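Let me begin by presenting the structure, written as C-alpha cells, before commenting on it.
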Amino acid sequence: MELPKFMLIPPQRLDRYRPLLGDGRFAEVERVAAQARRDFEGHAIWHVSSTARGGGVAELLRSLLPYVRGAGIDTRWVVLRDGSDFFTITKSLHNRLHGSNGVGVKLGRHERRLYEATLEMNWAYLERLIQPGDVAYLHDPQPLGLVPDLKERGVQVIWRCHVGVDRPNALTREAWDFLRPYADEADAYVFSRREYVWHGLAEEKVWVMPPSIDPFSPKNQELDPPVVDAILAAIGLQPAAGGVAPVYRRGDGSPGRVDRRAELLQEAPLPQDARVVLQVSRWDRLKDPHGLLECFELFFNDPSIHLVLAAPSPDAVADDPEGAVVLSTLARTWRFLPEEKRRRVHLVSLPMNDLDENAAMVNAVQRRADVIVQKSIAEGFGLTVAEAMWKEKPVVGSRVGGIQDQIVDGENGVLVDDAHDLEAFGRAIHRLVEDPALAARLGEAARQRVFDRFLGINRLAEYVELVASLMAPAQTTASRKAPTA
C-alpha cells in the first residue's frame with residue numbers, strides 16, 4: 001500500500017473577499033483571523049479524507065482550507081491510502097448512511113478487520129507526524145476508525161459526517177452500529193443538517209454547519225460567453241469555436257487553459273442554439289442520472305431541448321467503486337434510446353488529471369445550461385446546487401437532504417416533493433425552459449441566497465470557534481450546538 005498523500009494547500013488571501021463583502025462585514029473576518037492566529041499558534045490542524053477529487057468533501061476542503069492557511073493557521077490535508085476492499089466497505093457504509101443498500105456488502109467481523117487494518121497501515125505513517133495538542137478533522141466514514149489512535153496520541157478529534165438521511169431506517173442504523181465504537185470517542189461532531197445527527201450521540205459535542213463554495217475558484221469564477229463556448233469546444237461537447245482561447249484563472253491566480261477532451265457518448269456535438277438541461281454529479285445511483293434520462297425520454301419531444309449528464313471520469317474517483325458500473329448501465333440505456341432522443345442526449349465524463357482544468361470545464365458546462373437539475377434520491381448537501389445558484393441558474397431539485405436547505409421552492413428554484421416522480425420533474429423543467437423570465441427571476445434570487453448563506457467565508461468564524469473550543473473547552477459557547485449560516 002502507498003503512503004498517505006499530503007495535499008498542497010496554496011494559501012489564499014482573505015482580502016480577495018473585501019470587494020464582495022464590503023468593509024464592514026470583512027472587518028469581522030479579519031478579527032476572527034487575528035484571534036485564530038493567536039489561539040492556534042504552535043498547533044497544526046489535520047484534515048483527513050479518502051480522496052482529493054471527485055466529490056463534495058474534496059470540493060469543500062479546496063474551497064475552505066486555502067483561506068484558513070491564508071489566515072495564518074497551520075492547516076494540513078492528508079488523503080488516505082486504501083487497502084484491499086477498503087473502499088468497497090466504505091462505499092457500503094456511505095450507501096447505508098443514506099438509507100440504501102447499494103453494493104450490498106455485509107458489515108460483519110471480517111469487514112471490520114479489513115477496515116481497521118487499512119487504517120492501521122495509514123496510522124503507522126501518520127503517528128510520526130501528528131503531535132499531541134494538534135487537532136484532527138476527519139471527514140466521513142473512511143478515516144473515522146483513526147479516532148482511538150488519535151486520542152491515545154493526545155490529539156483533539158473532530159469528525160465531520162457529510163452524509164445522512166432525514167428518516168433513518170434499519171440500513172442507516174446498521175452503519176451507525178458499525179461506526180459508533182469509533183465515533184463515541186471523538187471530541188466533536190459536525191453534521192451538514194440537524195436531521196442527520198445520529199441518535200444517541202452526545203448532544204454537547206454536536207455542531208451543525210452547512211457546506212459552502214468559493215466564488216473565486218475555477219469552478220465558480222466569472223467566464224465570458226465566448227470563453228464558455230471555447231471550453232465546451234475544447235472538451236468536444238460543442239462544435240469548434242473560433243477566435244477565443246479556452247482560458248481561465250487557476251486557483252493560485254495564474255492563467256490556465258483547457259486542453260483535454262472529455263470522454264463523450266453522443267451522436268453529435270451540442271448545437272449552438274440548443275436549450276440545455278444539465279445535471280452535474282458523480283456517476284452514482286443516489287444521484288439518479290438514469291431517472292433523469294428516463295424522464296427526458298418520456299416527456300421531452302421538443303427537438304431544441306438537449307440533456308447533458310456530466311460527471312468526473314469514474315476512473316478518477318478512487319473511493320467510489322460503483323461509478324463505472326453506473327456509467328456502463330447508463331450508456332447501455334442511451335444506446336437503446338430512439339434515434340431522435342439519443343441525438344439529444346450527451347453523456348460527458350470529465351477528466352480529472354488537472355483539478356483546476358476540470359473545475360473550469362464544470363464551470364463552463366453549468367454556465368451553458370438553461371436549467372440545472374439535481375434529481376437525487378438521497379443527498380448529503382449537494383454543492384452542485386449551490387454552484388449553479390451562484391451562477392444565477394434556475395435549479396430543479398428533489399426535496400431531499402441539503403437540497404431543500406438551499407432551494408426555497410418558488411423563490412429561488414423549484415423543489416419536487418417525490419424524487420421518483422418523473423412526470424413532476426418533467427413539468428418543472430419544461431416550465432423553466434419555456435419561461436425565461438421566470439428562470440431569470442429565480443436565478444437572481446438563487447445567487448443572493450448563496451451570497452447570504454453558502455460562501456466559504458461564512459464558515460470561517462464557525463470553523464475557528466469549533467477548533468478553539470477543543471483547545472480551550474472552558475471557553476465553549478452555547479452556539480456550539482447548532483451554529484448556522
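Restriction of the GluC sites (Glu not before Pro) in region 57-147 to DSSP coil positions whose beta-carbon has at most 16 other beta-carbons within 10 angstrom yields Glu127.
Once backbone amide H atoms are built at 1.01 Å from N, Asp166 has Gly401 as its partners under 5 Å, excluding neighbours fewer than 5 places away on the same chain.
Along region 105-111 the Karplus relation, 6.51 cos²θ - 1.76 cosθ + 1.60 evaluated at θ = phi - 60°, assigns HN-Hα couplings of 6, 6, 10, x, 5, 4, 5 Hz to successive residues, with x for each Gly and Pro.
Helix 289-299 and the longest principal axis of the Cα set of the chain meet at an angle near 30°.
With every protein chain in place and a 1.4 angstrom probe, the accessible-area ranking of Thr51, Thr333, largest first, reads Thr333, Thr51. Cα-Cα over 30 Å: which of Lys341/Lys391; Lys341/Lys393; Lys151/Lys287; Lys151/Lys219? Checking Cα-Cα distances, Lys151/Lys287; Lys151/Lys219 exceed 30 Å. Which entry is the computed Cα extents along the principal axes in Å for this structure: [x] 74, 58, 43; [y] 69, 51, 43; [z] 63, 55, 40? Among [x] 74, 58, 43; [y] 69, 51, 43; [z] 63, 55, 40, the one calculated here is [z]. Estimated at 0.36 nm per residue, the fully extended path between Arg25 and Ala202 surpasses their Cα-Cα distance by 60.3 nm. Taken per residue, the accessible surface of region 127-189 reaches 35 Å², heavy atoms only and a 1.4 Å probe.
For region 239-328, the fraction of 1.4 Å probe accessible surface lying on carbon and sulfur atoms is 53 percent.
In terms of the mean number of neighbouring beta-carbon atoms within 10 Å, the peptides 22-33, 85-96, 292-303 order highest first as 85-96, 292-303, 22-33. Solvent-accessible surface of region 335-485, averaged per residue with a 1.4 angstrom probe and all protein chains in place: 36 square angstrom. Computed with a 1.4 Å probe over protein heavy atoms only, the accessible surface of region 201-297 comes to 40 Å² per residue.
Cα centroid separation, region 50-82 to region 253-297: 26 Å.
Using a probe of 1.4 angstrom, how much of the accessible area of region 330-481 is carbon and sulfur, in percent? Using a 1.4 Å probe with all protein chains present, region 330-481 comes out at 48 percent carbon and sulfur. The phi-based Karplus calculation (6.51 cos²θ - 1.76 cosθ + 1.60; θ = phi - 60°) puts the 3J(HN,Hα) values of region 386-399 at 4, 4, 5, 4, 4, 8, 6, 9, x, 10, 10, x, 6, 7 Hz, whole numbers, x for Gly and Pro. For trypsin sites (Lys or Arg not before Pro), the sites in region 250-281 that DSSP calls loop and that have at most 14 other Cβ atoms within 10 Å are Arg261. Residue ranking by accessible heavy-atom surface, 1.4 Å probe, largest first, among His306, His430 comes out as His430, His306.
Decide, for region 144-220, between rounded, prolate and oblate: order the square roots of the alpha carbon gyration tensor eigenvalues as a ≥ b ≥ c, take rounded if a/c falls under 1.5, and otherwise choose prolate if a/b is larger than b/c, else oblate. Because a/c hits 1.5 or more and a/b fails to exceed b/c, region 144-220 counts as oblate.
In terms of packing, defined here as the mean over residues of other Cβ atoms within 10 angstrom, the peptides 3-12, 180-189, 384-393 line up highest first as 384-393, 180-189, 3-12.
Other residues lying with their Cβ under 14 Å from the Cβ of Pro148 contribute a combined charge of -4, Lys and Arg counting +1, Asp and Glu -1. For region 20-84, the fraction of 1.4 Å probe accessible surface lying on carbon and sulfur atoms is 44 percent. Rounded to the nearest whole Hz, the Karplus-based 3J(HN,Hα) values (6.51 cos²θ - 1.76 cosθ + 1.60, θ = phi - 60°) of region 439-452 follow the sequence 4, 5, 5, 5, x, 5, 5, 5, 4, 5, 5, 5, 4, 6, with x at glycine and proline.
Rounded to the nearest 5, the antiparallel percentage of DSSP beta bridges internal to the chain is 15%.
The values are calculated or read from the model by the stated rules, or taken from the named source; none is laboratory data. This structure is a prediction, so every number in the text was calculated from the model and none was measured. Please note: Cβ atoms are built from the backbone with ideal geometry, for glycine as well, and neighbour counts cover all protein chains shown. What goes into the accessible areas is simple: the full protein's heavy atoms, side chains included, and nothing from ligands, DNA or RNA. Shrake-Rupley method; radii C 1.70, N 1.55, O 1.52, S 1.80 Å.
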